[in-house]
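Engineer: Could you have a look at this structure, given as structure tokens, before my questions?
Values quoted throughout were computed directly from the atomic coordinates according to the rules given, and no laboratory measurement underlies them. What you are looking at is a predicted structure, and each value in this text was computed from that prediction instead of being measured. When we count neighbours, we look across all protein chains shown, and the Cβ atoms used for this are built from the backbone with ideal geometry, even at glycine.
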Amino acid sequence: MRVQDIMTRRVQTVSHTENAEAAWNLMRWKRIHHLVVTGEGGEVVGVVSARDLGGRDRDEIRRLRPISAMMTAYAVKATPNMPVRQAANVMRGWNIGCLPVIEPDGKLAGIVTVSDLLRLLAEQVPAPARVSRTKRVVKIRPPKKAGRARGWPGRDRRTS
């Protein structure tokens, strides 16, 4: 199976000159965790994740900084013909959550995320068999009576 078979083709992008707050709002509105950052000519220059933007507690920093100051500079990519296993190993090896997919001519073709890989895995694993809902009877035993302590012949707990 190839990356082109599982990638998301409609990629959300943001300009490198955009404010980080605008990128954060776009992520929240679209309910996504990664944006591809593009340069002047539309080329891919990096990726920004929700983690890069600091989460909910970083409003002040996002208002002051451009996206280029908070993005991960573009270094790792995938091609549409790359095997999925290789893409997963690259993501695991670099400890990243997404790979931009770039055509040989340099155009952005899509993005592969951890969610895409998990969806593929879920489709490959068969559903578990249904478990019958018969009731199990549990017997409750009364507590043991006080008597001789174990391991101490001839001694009674009450007389010690």
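Engineer: If you project the alpha carbons of the range 27-74 onto the principal axes, what extent comes out on each, in Å, largest first?
Structural biologist: Computed over the range 27-74, the largest-to-smallest principal extents equal 32, 23, 15 Å.
Engineer: Based on Cβ point charges of +1 for Lys and Arg and -1 for Asp and Glu, what charge dipole magnitude is obtained for the range 1-99 about its Cα centre, in debye rounded to the nearest 20?
Structural biologist: 420
Engineer: Continuing with the same structure: Need one word for the range 1-106: rounded, prolate or oblate. Basis is the Cα gyration tensor (sqrt eigenvalues a ≥ b ≥ c); a/c below 1.5 gives rounded, then a/b vs b/c decides.
Structural biologist: prolate
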